[in-house]
């Protein structure tokens, strides 16, 4: 990686917490300049616009959230247990960046008509559901998940329940909603376990 690419990655990493906390509209280039120690020209040497920087910052934040929450999951052979572990990690491991879940934050920002952030949120959710579906299909093939289980429906349920519970928890300033959701999801996942 050359010096320019290293600087670009540093700007993204240092801007990500600001965008994640304040959103696109609430984050100024002055905030980014203060965080990075660079002048506006130094930032725009690496990014065509604030929107491009915000997009890269949200992608970085989402990738970091997925990376941290997946730690240790590959070592779990049984796919039902692996998904239950991922649900627990979502609930127990806080976001690596201040501001909470970057998928939710990008989605909220996209409500203001930002199609780039909407696309990033949509891709992140699609990737999450694809990973869950893959684990469920493997579980069916391995005889760990009951035949007839619809991976798409389970994946949609898991993602929607966790993100919805996270939103409620943020509004109520209490972890109860995400903790209750994890308990209920574990019961549902136990219910799709193959018998025998």
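The values are calculated or read from the model by the stated rules, or taken from the named source; none is laboratory data. Bear in mind the structure is a predicted one, so any value in this text is a computation, not a measurement. Please note: Cβ atoms are built from the backbone with ideal geometry, for glycine as well, and neighbour counts cover all protein chains shown.
Being part of a helix (DSSP H, G or I) and either within 11 Å of the chain's Cα centre (by Cα) or within 18 Å of residue 4 (Cβ to Cβ) (or both) is the filter here, so list the residues in region 34-56 that pass it. Spell out the reasoning first.
Residues of region 34-56 part of a helix (DSSP H, G or I): 34-36, 40-44, 50-56.
Answer for region 34-56, where residues must be part of a helix (DSSP H, G or I) and either within 11 Å of the chain's Cα centre (by Cα) or within 18 Å of residue 4 (Cβ to Cβ) (or both): 36, 40, 41, 42, 43, 44, 52, 53, 56.
Quickly run through region 89-118 and pick out the residues that are assigned to a helix (DSSP H, G or I) and out of contact with any helix residue (DSSP H, G or I) (no Cβ under 8 Å at 6 or more places or on another chain). So that I can check it myself, show each step before the final result.
Filtering region 89-118 down to residues assigned to a helix (DSSP H, G or I) leaves 89-92, 102-110, 115-118.
Hits for region 89-118 are 92, 115.
Take the conditions in a helix (DSSP H, G or I), out of contact with any strand residue (DSSP E or B) (no Cβ under 6 Å at 6 or more places or on another chain) and surrounded by 14 or more Cβ atoms within 10 Å (Cβ to Cβ) and apply them to residue 180. Does it pass?
On the way: in a helix (DSSP H, G or I): yes; out of contact with any strand residue (DSSP E or B) (no Cβ under 6 Å at 6 or more places or on another chain): yes; surrounded by 14 or more Cβ atoms within 10 Å (Cβ to Cβ): yes.
So residue 180 passes the test.
If a residue must be without any contact (Cβ under 8 Å) to a residue 60 or more places away in the chain and touching a strand residue (DSSP E or B) at 6+ places or on another chain (Cβ under 7 Å), how many such residues does region 116-140 contain?
The total comes to 1.
For residues that are farther than 18 Å from residue 108 by Cβ and not in a helix (DSSP H, G or I), scanning just region 1-27, find the one that is modelled with the highest pLDDT.
2
Where residues in region 141-174 are without any contact (Cβ under 8 Å) to a residue 60 or more places away in the chain and not in a helix (DSSP H, G or I), which of them is nearest to residue 99 (Cα to Cα)?
Per the stated criteria, the residue is 173.
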